[in-house]
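The next block holds one structure in the form of structure tokens; read it before the comments.
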2 protein chains.
Amino acid sequence: MKIPSKYIENAVNQISSLPGIGKRTALRLVLQLMSRSREEIEDFSNAFTLMKDNVKKCNTCGNVSDVHVCTICSNTSRDKSIICVVEDIRDILAIEATESYKGIYHVLGGIISPMDGIGPNDLNISSLVDRAQQESVKEIIFALSATMEGDTTNFFLYRKLRSLNISISSLSRGVSVGAELQYADEITLSRSLLNRQPFEV
Amino acid sequence: MKIPSKYIENAVNQISSLPGIGKRTALRLVLQLMSRSREEIEDFSNAFTLMKDNVKKCNTCGNVSDVHVCTICSNTSRDKSIICVVEDIRDILAIEATESYKGIYHVLGGIISPMDGIGPNDLNISSLVDRAQQESVKEIIFALSATMEGDTTNFFLYRKLRSLNISISSLSRGVSVGAELQYADEITLSRSLLNRQPFEV
């Protein structure tokens, strides 16, 4: 694709540097931007530098925030005795959307993945161990991806935390609610058989 | 989705204002941007304002360009007697990629689409009629989408141009090269039967 303007080409390269966006899609997006007014494009551009300059990480949990302690950590009605360990802030948003968790979080910033060159030292693990040693903490929930990398990270964290006098749990695995059994994959189905629950009415 | 930072929320809103990008995808892209350095984000942001400030429209054909006459119009080896009418510059890129067209172009800037409130006056039609009246022009090719809007625009242009002494053609419609006949849709198949070509060896 030979774009007849180096400025458009540059914009296309920038947009297609985002994950999952190819050159063709990028060109479509860039041409749509081109049709906007100068002010609208300025607002668009400024959004990213403003974000970089102003967004902070919560000193406690690593969640993003506009202040130094995030709204979840500073909320007095949240249960500070339970810490839910997640990979990144999208997982916090997903769990918050369920409205069924009232504890606080700890953002690892990734999971152990030797293939991507991410080892334990690249993650916020030591700060999790520090937090877990506080007397107020009673339980830690591992809420990482149900992948091999997630399981590896769970095991690594478990070894770091097992000597402490706190309960450690992880999200239950099983057949999705609403799913038909015949379409569940074999590993999920066998796991949900192994972890069967007492029937409650 | 309640994002815990108004700066991130603003960036997500800007990215999801692009066509075909939802909030969830936008958040993924924004978090990826967040992980970049200040300089990289500045380069990203500046690309769009630089583009808006510097990209020009070719005075002749309406193609985008860094100068006032685009590289195709200023290329002396192109055949100035054939003008190919396209909807937007992406179509120019697609036709140029075939390397089988040596004429010049005319960018309409859209097609007639009453549903989207686009009428003939919103398109670069009068400049096309002016160009077609130049003595050097021998043929005009309609290369618009094979949709009802494209056909409507073709017909409108045809009525504007038919009194001039030039040949008017449009792209052939038919079964795609490489397609299996049983999967071709009925309208395409019946059109390719009607427009059957003398067999050449």
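How far is A:SER100 from itself in the other copies, in nm, if each label sits 7 Å out from Cα along the Cα-Cβ line, shortest first?
Label-point distances to the other copies, shortest first: 5.8 nm.
Dipole of the range A:6-54, Cα-centred, from +1 at each Lys and Arg C-beta and -1 at each Asp and Glu C-beta, to the nearest 20 debye? Could the numbers behind the result be given before it?
Numbers: 7 positive and 6 negative charges, 69 e Å.
In debye, rounded to 20, the range A:6-54 gives about 340.
Please list the non-local residues whose amide H lies under 5 Å from the amide H of B:HIS106, H modeled 1.01 Å from N, same-chain partners needing a gap of 5 or more.
Correct list: B:CYS84, B:VAL85, B:VAL86.
Of the DSSP beta bridges with both residues in chain A, give the percent that are antiparallel, rounding to the nearest 5. Don't skip to the answer; put the middle values down first.
Working: 3 of 16 bridges.
Bridges in chain A are about 20 percent antiparallel.
Could you state the orientation-averaged shadow area of the convex hull built on the Cα atoms of chain A, in nm² to one decimal? Before the final figure, lay out each step's value.
On the way: hull surface 69.6 nm².
Projected area, direction-averaged: 17.4 nm².
Please report, to one decimal in angstroms, the Kirkwood hydrodynamic radius of the range B:6-54 built from all distinct Cα-Cα pairs. The partial results should precede the final answer.
Details: mean 1/r = 0.0870 Å⁻¹.
One decimal place: 11.5 Å for the Kirkwood radius.
Looking at the range B:72-170, I'd like the Rg to Rh ratio, where Rg is from alpha-carbon atoms and Rh is Kirkwood's inverse mean 1/r. List each step's numbers first, then the result.
Working: Rg = 13.0 Å, Rh = 13.8 Å.
Over the Cα atoms of the range B:72-170, Rg/Rh equals 0.95.
How large is the helix-only mean residue ellipticity at 222 nm for chain B, computed as the sum of -39500 (n - 2.57) over DSSP H runs with n ≥ 4, divided by its residue count, in deg cm²/dmol to the nearest 500? Present the calculation step by step, with values, prior to reporting the outcome.
Working: 7 runs with 81 residues, N = 201.
Only helices count here, giving -12500 deg cm²/dmol.
How many Cβ atoms of partner chains, on average, are near each residue of A:34-46 if near means within 10 Å of its Cβ? Can you show the working numbers first?
On the way: counts 6, 2, 3, 1, 3, 0, 4, 7, 4, 4, 10, 11, 5.
For this peptide, the per-residue mean of nearby foreign Cβ atoms is 5.
To one decimal in nm, how far is A:VAL175 from the same spot in the other copies, if labels go 7 Å from Cα toward Cβ? Please give the shortest first.
When each copy's label point is compared with this one, the spacings are 4.6 nm.
Cα atoms only: what Rg and Dmax, in Å, come out for the range B:1-103?
Here Rg and the maximum Cα pair distance are 19.4, 60 Å.
Suppose we consider the axis relating copy A to copy B; can you name the residue of A with the nearest Cβ and state that distance in angstrom as an integer?
Here the value is A:SER45, 2.
To one decimal in nm, how far is B:THR147 from the same spot in the other copies, if labels go 7 Å from Cα toward Cβ? Please give the shortest first.
From this label point to the equivalent ones elsewhere in the assembly: 3.6 nm.
Counting DSSP beta bridges in the protein assembly as shown, what percent are antiparallel, to the nearest 5? Present the calculation step by step, with values, prior to reporting the outcome.
Details: 6 of 32 bridges.
The antiparallel proportion sits near 20 percent.
If you stretched the chain out fully between A:GLU99 and A:ASP122, how much longer would it get, using 0.36 nm times the residue separation minus the C-alpha to C-alpha distance?
Details: separation 23, 0.36 × 23 = 8.28 nm, distance 3.04 nm.
Residue separation times 0.36 nm, minus the Cα-Cα distance, leaves 5.2 nm.
Spelling out what I want: for every residue of the range A:110-127, take phi, set θ = phi - 60°, compute 6.51 cos²θ - 1.76 cosθ + 1.60 (Karplus), and round to whole Hz; glycine and proline get x.
x, 10, 5, 8, x, 4, 9, x, 9, x, x, 6, 7, 10, 7, 8, 5, 5
Please work out the Cα convex hull volume for the protein assembly as shown and give it in Å³ per residue. Numbers along the way, then the final one.
Numbers: hull volume 97.5 nm³, N = 402.
Hull volume normalised by residue count: 243 Å³.
Across peptide A:59-70, what mean number of C-beta atoms from other chains lies inside 10 Å of a residue's C-beta?
Numbers: counts 0, 0, 0, 0, 2, 7, 3, 6, 2, 0, 0, 2.
Counting Cβ atoms of other protein chains within 10 Å of each residue's Cβ and averaging gives 2.
No value in this document is a laboratory result; all are computed from the given coordinates. Please read these numbers as outputs of a predicted model, since none were measured by experiment. Glycine also receives a Cβ, built like all others from the backbone with ideal geometry; neighbour counts cover every protein chain displayed.
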